[in-house]
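Here's the structure we're looking at; comments come further down.
The values are calculated or read from the model by the stated rules, or taken from the named source; none is laboratory data. Since this is a predicted model, take the numbers as computed values, not measurements. Here Cβ is always computed from backbone atoms with ideal geometry, including for glycine, and neighbour counts include all displayed protein chains.
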């Protein structure tokens, strides 16, 4: 059980941890000071949302989704289309379209995005629907493990190619940009970054809360069981394909929401952000932070990106080495990630202290359990 | 008619490239189940070999350099694969998804290493004089370089087939891959067989590298350009099935050529990827497969 | 439980929309003035952009050695755009709002420029963009020191027409620059009797060129107008050469192959093919001789200069001249002062357009030689006035629409 959330033995511990995290998160902009840093962190919080979703699919469900860029991108494009329309008077074409296409009126595909709520709904629901269809197709045929990984990777590639190939509708490789006003505010006015940070923070807290509920629910246990032994779950009368599809849909919805929040933060949505390479990196955040613990996923997204920004400007050539080395070391030698390592140190420390005090506290959390893989 | 012929020709030459980059994977992925994302960087390493030869020891014989490059690139990439297997992957058997991500990390480091060694600029391999020229056949221009690549593929295939079915080492490899426990109790050194398999699969990437250096750019991104398609070919073909991989490469190559001709290059590529996903709905085990329960990976 | 937390979080979420961000333009502390240098130092574009960063830093070093600007030394803050437009957007926001730089030099791809444009406009920053581009843009906060289409593509078309190369095939990478350029080329062709035989695009980085080459050859053009970028060029020219097409059979005119790229494509694949730029390493004049010498002394004898490298170098000097004329680092004052400036640069006498933020440039057609350098075979005689919306060309009527139209009109209006 301890594999789910650190200290789930006592639900109050998890709640207090969550509250402390929420408080810390909302106080963070005050500590950061510079608006550039606040903007930076807002972006990382969006990545953390994707990571939490991925962790549900991969850490708990054993599905290595290497194409989350597709869902992140769908969310980002949905909101990006809305923001593009916000820059121009009602009913007129977004600026790239009036420049690069011969459309005279808004294409049907774009019309729903005039409404904020429609855009937000599309951002979350469309990824879930697509993930649902894809999941049913793939899991019903018992395609899993590395095959699933490579197929999802292919979906991210298709997404990027379709965006690039339809310049007149999507602005192609350059992507949607020019969001100078976002939801009525000047994006570059003082305070807007802080506002965006708070939206992202609330988004992350929602995603985390949902994910914690999910993994602790009966369904969550079924998901973990499916990860560890799909056949036994099947023999017990459940349909593993359905279980996995739902997990994949949850991950997709969270990525979509993250994308919708990220679009105004980035100020640009372009195909390169959602191609298969960024998608693999998303998985690597979760791996580094520690799959199978939701806090680990958050930690991984924040830490890896923090290192990236710190190192890549001062020593761009060393960054690829460092990044590669980080993935290799963590995955080959500490599969529990940073969270797993912290937890086993903590357990070791606690038992050492307990030993010295002469008490017998054998009920401490065990060191990292080997994570099963459904290959 | 002429366009159909020329599309077929383009499809076949495209298939030859897919086949060449996928062939090594039938060993490492197909036989051993290891998804080696650094396979692309072994191709890259192979592609740099003729460049290095042409600009150093064999600068006087640039045509010969390309021929010498084949065995040398096989060794270079093979040894890289061997090191990777012995140092990292050996610890990770049974964790295919972790292996995928670890080798992705390795591929990032190899790309940066190539950038440090050769600079970020693309390098050029001078086409040997014996490969310059073309034949016109029924209105289709067959270039000597592409035909040469085709020849390399055929020779490599023959070599692989002979090894797998005629040589003791190849039979040992198949034995270990099909039933590791049984092979082990029969006294086969499974760990050494693993190493050999990985060496061969990676070495084939080196050969592919030399071939693609004749037709495309040689740079730090050379491997990334081919890696995903290579995996798809192997999956569609059916794991470790030589016949299946040939068919899959031909299928995807011609599909790409025809869709591209009808629409655009970008959509042609998207169509191939979408086709693969749909195809696996109907044959989840690939074109050529054993009859098994579930998907044995 | 979760719902309560979320509400709590929302309640605490909206209190300080009015935190002052401080003065955003040109913070000058003591003896130094900070400037941003934002190029891709990693990723696919680093091939080209590292050299531009180098030339920008070279200019800064020279200026500092000569006493700086308005008595202050320039302190460059170098950032990596990672070849990703979203990183460009984020880094330039950081440079302007957090580091409070007086100016940013940077960008290469039109995607990176489009990503930075709303940021510099919204945060009132100043950007110098050093690469030829597709035109149809005039931002009040950007100076374009590379060519716009009427200084590169239109002269190249004039040259083709003059040489009787009228049967044209268009090949390009699948993004905005080639698509916009080809739209303009088609309009030109219609009015000038060129025949466009076909138009095809490859995804950036795609090396599967056989289909396109087959289509090109089937159409039997005299000339291919090539707007391919990056790796696709390598495969394209190799395939063209392998099929026996030397420039005497099919000529090509490329607008994205400079000295830097020739080595990677292979000199023997490019020998005799044409390119269109505004500067080559071989361009004459004492100023250029000095620039090439200084560049090689700083970064190695094997490093070549090229058009965007030179434009990056010029950008720093243009900014310095504008600051000195304005007597201030303030973005508005510097922008106003830049119009009409004249400088002696490696490409010759350079004039900043009084209103549209572009520079006058001499168009030069070059031929790739056996050393991998480019020899000029034709030039426009005098600097061509920049015309980003192509308003002086009757055939181009209606090309500049929407935002581009509004921007060009605003610039023209400022001229009075």
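Those helices (runs of 4 or more DSSP H) of segment A:132-234 in which 2 or more residues are more than 10 Å from every other protein chain (Cβ to nearest Cβ) and surrounded by 19 or more Cβ atoms within 10 Å (Cβ to Cβ) occupy A:192-216, A:218-228.
Within segment A:254-271, at least one residue is assigned to a loop (DSSP other than H, G, I, E, B) and touching a helix residue (DSSP H, G or I) at 6+ places or on another chain (Cβ under 8 Å). Being under 13 Å from residue C:173 (Cα atoms), in contact with a strand residue (DSSP E or B) (Cβ under 6 Å, 6 or more places away or on another chain) and facing chain B (nearest Cβ under 8 Å) is the requirement here; does residue C:206 meet it? Taking the combined requirement at face value, the residue does not satisfy it. From the list B:180, B:132, B:174, B:146, which residue is in contact with a helix residue (DSSP H, G or I) (Cβ under 8 Å, 6 or more places away or on another chain), surrounded by 12 or more Cβ atoms within 10 Å (Cβ to Cβ), closer than 26 Å to residue B:61 by Cβ and modelled with pLDDT under 85? Just one listed residue meets the conditions, B:132.
Within the option set B:280, B:232, B:239, being modelled with pLDDT of 85 or more, within 11 Å of chain A (Cβ to nearest Cβ) and within 16 Å of residue A:150 (Cα to Cα) holds for one residue only, B:232. Scanning segment B:23-38 for residues that are facing chain A (nearest Cβ under 9 Å) and assigned to a helix (DSSP H, G or I) yields a single hit, B:29.
Residue C:67 meets all of the listed conditions (1) more than 10 Å from chain A (Cβ to nearest Cβ); (2) surrounded by fewer than 24 Cβ atoms within 10 Å (Cβ to Cβ); (3) in a helix (DSSP H, G or I) but one, namely (3). With respect to the conditions (1) buried (at least 24 other Cβ atoms within 10 Å of the Cβ); (2) closer than 30 Å to residue B:146 by Cα, residue C:177 falls short on a single one, namely (2). Only one of these is under 19 Å from the mean Cα position of the chain (by Cα), assigned by TED's automatic domain parsing to the domain that holds residue C:271 and farther than 18 Å from residue B:260 by Cα: C:247, C:155, C:221. Name it. Result: C:155 is the single residue among C:247, C:155, C:221 that is under 19 Å from the mean Cα position of the chain (by Cα), assigned by TED's automatic domain parsing to the domain that holds residue C:271 and farther than 18 Å from residue B:260 by Cα. Does segment B:113-130 hold any residues that are within 24 Å of the chain's Cα centre (by Cα) and in a helix (DSSP H, G or I), and which are they? B:113, B:114, B:115, B:117, B:118, listed by residue number.
Consider residue C:128 carefully, then state whether it is more than 10 Å from chain A (Cβ to nearest Cβ), touching a residue at least 24 places away in the same chain (Cβ under 8 Å) and touching a helix residue (DSSP H, G or I) at 6+ places or on another chain (Cβ under 9 Å). It is true that residue C:128 is more than 10 Å from chain A (Cβ to nearest Cβ), touching a residue at least 24 places away in the same chain (Cβ under 8 Å) and touching a helix residue (DSSP H, G or I) at 6+ places or on another chain (Cβ under 9 Å).
Residue-wise test of (1) more than 30 Å from residue B:102 (Cβ to Cβ); (2) at pLDDT below 95; (3) surrounded by 18 or more Cβ atoms within 10 Å (Cβ to Cβ).
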site: A:15; (1), (2), (3): yes, yes, no
site: A:18; (1), (2), (3): yes, yes, yes
site: A:46; (1), (2), (3): no, no, yes
site: A:75; (1), (2), (3): no, no, yes
site: A:83; (1), (2), (3): yes, no, yes
site: A:89; (1), (2), (3): yes, yes, no
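Counting only residues that are buried (at least 24 other Cβ atoms within 10 Å of the Cβ) and within 13 Å of chain A (Cβ to nearest Cβ), which one in segment C:48-58 is modelled with the lowest pLDDT? Within segment C:48-58, the match that is modelled with the lowest pLDDT is C:49.
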